[in-house]
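Right, one structure below, let's go through it.
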Protein chains: 2
Amino acid sequence: MSAQGDYLLWTREELDELRRQQGQDNAMGRSLAALEARVAASMARGIVIPGQGEAGSFEHNTHKENARVIEGAALWGRLSDNVQALAHAEELLAGYAACYRDMPYQVARNTNPPGRLFHQILNEHIWLLHASLGLALLKPSLSEARYQSLLDGLFQPMLEMFTETYRHDFDRIHNHGLWAVAAVGICAMVIESPEHLAISIDGLDGSGETGGFLAQIALLFSPQGYYVEGPYYHRFAIHPLCLFAEAIERHHPERRVLTHADGRIEKSLHVLLSTAYPDGRFPALNDASRSMDLDDEGARCAMSLLAARYEAPRELLALARQQQGCWIHANGLALLNAVQGVDTQVEATSQLFRDGPDGQSGGHAHLKRGQGLAAQHVVLTAGQHGMGHGHFDELGLSFFSRGKEVLKEYGFARWVNVETKFGGRYLKENEGYAKQSVAHNLVVVDMQSQHAANHALADERHGEISLLTGCAAGARARCDNAHDGVAMQREVLLVESRHTETPILLDVFTLTSEQPHVYDYTFHHGGHVVRWWGSEFTALDALEVMGDRHGYQHLWKQGQCRPATGHSMTWLEGDSFHSWHQITQAPAEAFQLRVGANDPDHNLRPDAKVMTRLTATSQTFYSLFESHGHFDEALEQCGGARPQVIHFRVLPSADGVTILELTFATGRLLVVLAEPARQGESLTLEAGERPLRIEQDVTLIDLPDTARVSQNT
Amino acid sequence: MSAQGDYLLWTREELDELRRQQGQDNAMGRSLAALEARVAASMARGIVIPGQGEAGSFEHNTHKENARVIEGAALWGRLSDNVQALAHAEELLAGYAACYRDMPYQVARNTNPPGRLFHQILNEHIWLLHASLGLALLKPSLSEARYQSLLDGLFQPMLEMFTETYRHDFDRIHNHGLWAVAAVGICAMVIESPEHLAISIDGLDGSGETGGFLAQIALLFSPQGYYVEGPYYHRFAIHPLCLFAEAIERHHPERRVLTHADGRIEKSLHVLLSTAYPDGRFPALNDASRSMDLDDEGARCAMSLLAARYEAPRELLALARQQQGCWIHANGLALLNAVQGVDTQVEATSQLFRDGPDGQSGGHAHLKRGQGLAAQHVVLTAGQHGMGHGHFDELGLSFFSRGKEVLKEYGFARWVNVETKFGGRYLKENEGYAKQSVAHNLVVVDMQSQHAANHALADERHGEISLLTGCAAGARARCDNAHDGVAMQREVLLVESRHTETPILLDVFTLTSEQPHVYDYTFHHGGHVVRWWGSEFTALDALEVMGDRHGYQHLWKQGQCRPATGHSMTWLEGDSFHSWHQITQAPAEAFQLRVGANDPDHNLRPDAKVMTRLTATSQTFYSLFESHGHFDEALEQCGGARPQVIHFRVLPSADGVTILELTFATGRLLVVLAEPARQGESLTLEAGERPLRIEQDVTLIDLPDTARVSQNT
């Protein structure tokens, strides 16, 4: 590490190669230009080291930016042989070293312990990581006295705080824990402190099994690489993971960190990138922003590490099109080379990610059809609860089609770093609405959240899920423990046929109970309701709240349709129409809802929802979602505003077999869903010439006529 | 016109030049590629001539598209010497000629008379215009028999319908009338019918003063070029105007149409293009789509004609950046050349467009500051009522800042061509809400619309307006006839100073009456309310409707603040914060509203509104709007979330003088507004060393300190 021309994550030769990308119209060229501008702006401002402030405050923002600039100016200085930039980074470090020891601890604002610069220590870990990378770049040209003063005034007291003052927290297996060990470990490599490096890799007890980087890798992700809190926190956790892994691989290859725990890092990179929607956004599972995407720094590092250190599949490389910038690192160059000439029109493939430390705690199906931005992506969730950030959303569904999330995740109730929104922290409506079952696309039982909205209880349980055979994009999920005495099953599949341009989403949600319950099937949609078909819609004269707890207290009822066994509605979002059709055995009321009741602090988005409600012991909701037509408001062009599915019908069938009949102007489609126990049996359709032998979960029968058939098994 | 190589609007030489733009990455290259694709798609479909259908239906869309393809395939055929394309255009014409005479008239759906292909004759005029341009391109290579059959079967019966059957409508001065005369005139030039050409230029009586193109030009626009119905219908009317004017200028230059009526066409082009917001969208004044923009075909033709036939100012040429495509015509090439090297960063200038046939019926102020997309644009309206499409919005305000419309026009209640929304026609909520005063950004008196919501009455009246002196972007408007016994005045200005990055909008709305009235100050904002400052906001437990008529029946009251003489609220839209501060003399209640009550057919958008209400005889609402800070949700970066204006205060002053004090962290700004009668007087501010002599409407005094001063006159 101390070799001349080696700056921990960068060598002089690599910097030479990076320099050649300056001015190029590619992700690296853009990132280099952004770096130059950022450093120039900071140099123009001069050295500003403020006191303490709320998230989003001037103080908070300035400390954050300063850490970036310490790394950035040092990197830019080395890249462009710019001594002013190097001096600027050094002066910033010196400024902090002069005051850090005397700074009091911040006031704690949440469950995280406070740091000196920030109100949660997590931010201070991030700060140390960037500052350490900056120090690595500066070190060869620092005077001995200056180097010593930086260590004494800044880096040593930070290490001391993280490993002594907060020693009890250092081994915690958590995304914050990953930042802690990466920051301490990278700092230790730079300042050559073998003791700190050892605990950051192997944990305080040196075993590598209860704390430290190796344990984090092995325990934080499922054997398949899934991160329990979901994609939003996954991309946050992967950032220090990529940096520290790269540093260890470069300087301690004997630790074989890149293949540790059966290649857990590689699997984790795969999962993170695979969870992204075709537009690059991450589905907002659990506490999550609806805007977080592949252009996040962590995701950029992830894509680069995958391209540089592993065999990256073409389907994942194609996602790099969603990244405007790039990690300024040899791995970023490797990505740039890897995507050269890669066809971005890759057919997306469905995947099931198993959850839990041993991969036995259910999982998450990501069902995909199509290519590029036009691809569809369905997420069906039946894994572990996402710990403190978990939502009560077993068997929750989200659906991306035609460039937009059609069945929407609500995400979190939080404006990160917006000081005027409760200091940028989680808002009380996050518990009150966002986490509750009714805030998701699923069936709520008795107007109560799953697991009685008890996080500890939810953490102990999980669902089960498998992909469907006979279908490129289908899954079946079960959860029998979310509500006492009610078993839930959801089968979801994308159906491609000659009848529609865009595949149709089928959703069969079955509840089984011996006691009667109130079942609320609900989903969040966007855009503007065009029309309810068939059932007459009544707008209410005064808006009433739907309930008093479990999220219902935040829902306005705007209108309703009388009880019926069929409901159908079309909405328009952007340039596309979407229609939903639903059939139930018992008549269901249908409601048009809007989020936002009991919200004096304006903490909820006024999103639109649909709910159908019925009371029954056991019941199945058969739903169908289709994307159709187009509308260009500016050009005033429109076509295909009516649903393509003319009739949606459930044909009578034996237990364990579901036969859905979809009638189009161009013919009919029968979709036969059979549970494993019924496979191997034969089915006789009146219209069919010969009995159909059921061999798999899904069988599609395309009939040219539009006349209805009956069938018997 | 019959010369070989002359195709009415195009010559062979011009087509050669256009051909050279194929494959270029510019607006013309893109339009040529789009034309080629459109023609190829139609040729692949073959000849399809359906029956009759609703707007947005397959039939309606196919007829519309066929007319475009007749012109387009003929043009593409000539451009690329493609005989198949020429044959396709000819076959389409022949197909229509074979059936047109036998087609029954459509059922009339609104006040427009029906055609055969479409339910309103307007669409049939548009159809004829495109088909005639196609015929002009085909004519030289048609056999005599084929040409005659097209005339007999299609063009003659169309002309007959327009000039005989609907003769009583032909001279109507209206945007539909422009399409009628342009279609008939262009057809007449192609088929060489001098009689039809004569009436299309000079009207049925041949005077050129009561009907026909010349009268339309002179009467449809104000002397300054303003179109009474507003920009949305202006860009629609300008399309046939550009085509017919170009055709006449080419073949009958002796008519001097381009300079007719004191250069009315040039002025009209100026006004249309000047009304567009910096992002290219037209403010949705009167009945209008919120999406219509400079990329509309009519606006493309307008920009091209201006560049080709007049001296186009740099400020308007810079707007061509908002046009993705181009008129495929020599004028389009002229535009392409004109914009080469034009700096698009042009400082926008404020303008006042006078309304009415003699320019004496009030007008519309377009106040602008800044450059490019970052420019601000305020519209203050005090002109004529927009006839049948008019809204009751005298002294209405809209405001564009930081790339978005901040104070929003609601626009129309209509989904054009969306068959499932009442056949794409105007919805009843257009009268019920969109046209009413409360749907605009202004003060509503006694919960009633202006002019008692009577169009005929409104058509007889107008407001008055002038630009403010002493300020680059300010206007004063008055209207004393909208409500009995109430005089209204509104002064609006953009204030630039060292204290804010983005200019601040000041809005002083004064109502004068001897009787007490209920005054509702209201505006539509977007985004998400961050916080009400000072006054405590109460969310309501059940939503109630605000009233029972004049648009109030469509408003939900979501929450309120107790009566106070000051209210302040911040909202976040996209990446920018906006804050509003208001002061009144009498305490006003403040309401948070949402559009959408009594809307069983889902015809209203659920937009957010703010309203402050008080009862008084005379009263002034002093409002201030500031754009501040930034938020990047994906990057989780935020700054400047709090308003920059710390205090907003009205200092005591003499009648006719208003002194507003704005206090920032960086000092104070006094804004002195003086009515003309008070100009020439002197004002002594306590803080000032010497008396201030008022010389103009607006005087800004920038004080370094933040202590308050009192003043006396």
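Can you list the copy-to-copy distances for B:THR666, using a point 7 angstrom from Cα toward Cβ, in nanometres, shortest first?
Spelled out, the distances from B:THR666's label point are 6.1 nm.
Scan chain B for the residue whose Cβ is closest to the axis carrying it onto chain A, then write down that distance in whole angstrom.
Axis relating chain B to chain A; nearest Cβ residue and distance: B:LEU543, 2.
Add +1 for every Lys or Arg and -1 for every Asp or Glu among the other residues with Cβ under 12 Å from the Cβ of B:GLY680, and state the total. If you can, show how the numbers build up before the last one.
Details: positive: B:ARG678, B:ARG693; negative: B:GLU675, B:GLU681, B:GLU695.
Cβ neighbours under 12 Å give a net charge of -1.
Taking the Cβ of A:GLY356 as the centre, find all other residues whose Cβ is under 12 Å away and add up their charges (Lys, Arg: +1; Asp, Glu: -1).
Numbers: positive: A:ARG354, A:ARG461; negative: A:ASP355, A:ASP358, A:ASP459, A:GLU460, A:GLU464.
Once all neighbours under 12 Å are counted, the net charge is -3.
Considering the dipole of segment A:422-540 built from charges on the beta carbon (Lys and Arg +1, Asp and Glu -1) around the Cα centre, which of A:THR469, A:HIS451, A:GLY526 is farthest to its positive end?
A:GLY526
If R₀ is 56 angstrom, what is the calculated FRET efficiency for the pair A:GLU675 and B:VAL518, using the beta carbon separation as r and rounding to 0.05?
On the way: r = 66 Å, r/R0 = 1.17.
Step by step, r from the Cβ atoms, then E = 0.30.
Pick out, in residue order, every one of the GluC sites (Glu not before Pro) in segment A:536-585 that is DSSP loop and has at most 10 other C-beta atoms within 10 Å; say none if there are none.
Values: sites: A:GLU536, A:GLU544, A:GLU573; in loops: A:GLU536.
Filter output for segment A:536-585: A:GLU536.
If we hang a label 7 Å off Cα along the beta carbon direction at B:ASP548, how far is it from the matching labels on the other copies, in nm, shortest first?
In ascending order, 3.3 nm.
Mind grabbing the base-10 log of I(q)/I(0) for segment B:3-44 at q = 0.14, 0.26, 0.30 Å⁻¹? Debye formula, identical points on the C-alpha positions, no solvent, two decimal places.
Each listed q maps to, in turn, -0.40, -0.89, -0.93.
Can you tell me the Rg and Dmax of chain B, counting just the alpha carbons, in angstroms?
That works out to 27.6, 91 Å for Rg and Dmax.
Calculate the FRET efficiency for A:GLN324 and B:SER143 from the Cβ-Cβ distance with a Förster distance of 51 Å, rounded to the nearest 0.05.
Working: r = 58 Å, r/R0 = 1.13.
Computed FRET efficiency for A:GLN324 and B:SER143 comes out at 0.30.
What nm distances, shortest first, do you get from the label point of A:ARG19 to those in the other copies when the point sits 7 angstrom along Cα to Cβ?
List, nearest first: 5.2 nm.
By counting other Cβ atoms within 10 Å of each Cβ, how are B:ASP601, A:ASP358, B:ASP25 ranked from fewest to most?
Working: B:ASP601 16, A:ASP358 9, B:ASP25 6.
In increasing order of surrounding Cβ atoms, one gets B:ASP25, A:ASP358, B:ASP601.
Run the quick spin-label model on A:ALA98 and A:ASP575: label points 7 Å from Cα toward the beta carbon, then report their separation in nm to one decimal.
So the two model labels end up 5.6 nm from each other.
Based only on other Cβ atoms within 10 Å, what is the fewest-to-most ordering of A:ILE238, B:ILE646, A:ILE173? Provide the component values of the computation, followed by the final result.
Values: A:ILE238 29, B:ILE646 13, A:ILE173 17.
Ranked by crowding around the Cβ, least crowded first: B:ILE646, A:ILE173, A:ILE238.
Place a +1 charge on the Cβ of each Lys and Arg in chain A and a -1 charge on the Cβ of each Asp and Glu, then give the dipole magnitude about the Cα centre in debye, rounded to the nearest 20.
760
Restricting things to alpha carbons, find the Rg to Rh ratio for segment A:1-171 using the Kirkwood radius for Rh.
Details: Rg = 16.5 Å, Rh = 16.8 Å.
Taking Rh as the inverse mean 1/r over Cα pairs, Rg/Rh reads 0.99.
Give me the tail of P(r) for the protein assembly as shown as a percent: Cα-Cα pairs with distance above 42 Å. Present the calculation step by step, with values, prior to reporting the outcome.
Numbers: 565789 of 1016025 pairs.
Every Cα pair in the protein assembly as shown considered, those over 42 Å come to 56 percent.
Enter the per residue convex hull volume of segment A:221-346, computed from alpha-carbon coordinates, in Å³ rounded to the nearest integer. Spell out each step's value before the answer.
Numbers: hull volume 11.8 nm³, N = 126.
Hull volume normalised by residue count: 94 Å³.
Give the percent of DSSP beta bridges with both residues in the protein assembly as shown that are antiparallel, rounded to the nearest 5.
100
Would you mind computing, in nm to one decimal, how far apart the modelled labels at A:ALA108 and A:HIS528 are, each placed 7 Å from Cα along Cα→Cβ?
Label-label distance for A:ALA108 and A:HIS528, simple model: 5.1 nm.
For chain B, which cysteines have no disulfide-compatible partner, meaning no other cysteine Cβ under 4.7 Å?
Result for chain B is B:CYS99, B:CYS187, B:CYS326, B:CYS471, B:CYS479, B:CYS561, B:CYS638, no neighbouring Cys Cβ within the cutoff.
What helices in chain B pass both tests, a Cα length along the helix axis of 20 Å or more and a mean Kyte hydropathy of -0.5 or higher, using whole DSSP H runs? Kindly include the intermediate steps, with their values, before the conclusion.
On the way: long enough: B:27-45 (27 Å, 0.48); B:58-80 (30 Å, -0.67); B:83-99 (24 Å, 0.79); B:121-138 (25 Å, 1.32); B:175-191 (24 Å, 1.68); B:231-251 (30 Å, -0.06); B:260-275 (22 Å, -0.16).
Result, helices passing both filters: B:27-45, B:83-99, B:121-138, B:175-191, B:231-251, B:260-275.
Quick check on chain B: helices-only [θ] at 222 nm, where DSSP H runs of length 4 and up contribute -39,500 (n - 2.57) each and the sum goes over total residues. Nearest 500, please. Write down the numbers at each step before the final one.
Working: 17 runs with 205 residues, N = 713.
Counting only the DSSP helices, I get -9000 deg cm²/dmol.
Expressed in nm², what is the orientationally averaged projection area of the convex hull enclosing the Cα positions of segment A:427-516? Walk me through the numbers before you get to the answer.
On the way: hull surface 32.6 nm².
Averaged projected area of segment A:427-516's Cα convex hull equals 8.2 nm².
How much of the pair distance distribution for segment B:146-289 lies past 25 Å, counting alpha-carbon pairs only, in percent?
Taking all Cα-Cα pairs of segment B:146-289, the fraction more than 25 Å apart is 29 percent.
Suppose the Debye formula is applied to equal point scatterers at every Cα of segment B:355-645; what is log10 I(q)/I(0) at q = 0.07, 0.08, 0.13 Å⁻¹?
With no solvent term, the Cα-only Debye profile gives -0.25, -0.33, -0.92.
Say the dipole of segment B:323-407 comes from +1 at the beta carbon of Lys and Arg and -1 at that of Asp and Glu; which of B:GLY386, B:ILE328, B:GLN360 then lies farthest toward its positive end?
It is B:ILE328.
Of all alpha-carbon pairs in segment B:107-216, indicate the percentage at a distance above 22 angstrom. Please report the intermediate quantities before stating the final value.
Details: 1708 of 5995 pairs.
Summing the P(r) of segment B:107-216 above 22 Å gives 28 percent of all pairs.
For B:ALA452 and A:GLN637, FRET efficiency with R0 = 35 Å and r from the beta-carbon atoms, rounded to 0.05? Write down the numbers at each step before the final one.
Numbers: r = 38 Å, r/R0 = 1.08.
That pair, A:GLN637 with B:ALA452, gives E of 0.40.
Looking at chain B, send over the antiparallel percent of its DSSP beta bridges, to the nearest 5.
Bridges in chain B are about 100 percent antiparallel.
Please report the net charge: other residues with Cβ closer than 13 Å to the Cβ of A:ALA74, K and R +1, D and E -1.
Details: positive: A:ARG38, A:ARG68, A:ARG78, A:LYS139; negative: A:GLU71, A:ASP81, A:GLU90, A:GLU91.
So the environment of A:ALA74 carries a net charge of 0.
Could you work out how far apart the two model spin labels at B:GLU254 and B:ASP705 are, taking each label as a point 7 Å from the Cα in the direction of the beta carbon, and quote it in nm?
Rounded to a tenth, the inter-label distance reads 7.9 nm.
Over segment A:519-616, what number does the Rg to Rh ratio reach, with both radii from the alpha-carbon atoms and Rh per Kirkwood?
Values: Rg = 13.5 Å, Rh = 14.0 Å.
With Rg and the Kirkwood Rh in hand, the quotient comes to 0.97.
Please state, to two decimals, what the Cα-based radius of gyration of segment B:414-464 comes to when divided by 2.2 N^0.38 Å (N = residues). Don't jump to the answer; show the numbers that get you there.
Working: Rg = 13.7 Å, N = 51, 2.2 N^0.38 = 9.8 Å.
Relative to the 2.2 N^0.38 Å estimate, segment B:414-464 comes out at 1.40.
Where in segment B:407-431 does the label zone of A:ALA665 land, with the point 7 angstrom along Cα→C-beta and an amide N cut-off under 20 Å?
The answer is B:417-425.
When a footprinting reagent is the concern and you count Cβ atoms within 10 Å, what order do A:LEU133, A:LEU669 take, fewest first? Intermediate values should be presented prior to the final figure.
Working: A:LEU133 25, A:LEU669 21.
Going from least to most buried by this count: A:LEU669, A:LEU133.
Please give the average number of partner chain Cβ atoms lying within 10 Å of the Cβ of each residue in A:418-425, rounded to a whole number.
Values: counts 10, 6, 11, 7, 0, 0, 3, 0.
Taking the mean over all residues of the peptide, I get 5.
Any read-out appearing in this document is the output of simple, stated calculations on the displayed coordinates, not a laboratory observation. What you see is a predicted model, and the numbers here were worked out from it, not measured in a lab. Note: ideal-geometry Cβ built from the backbone for every residue, glycine included; neighbour counts use all protein chains shown.
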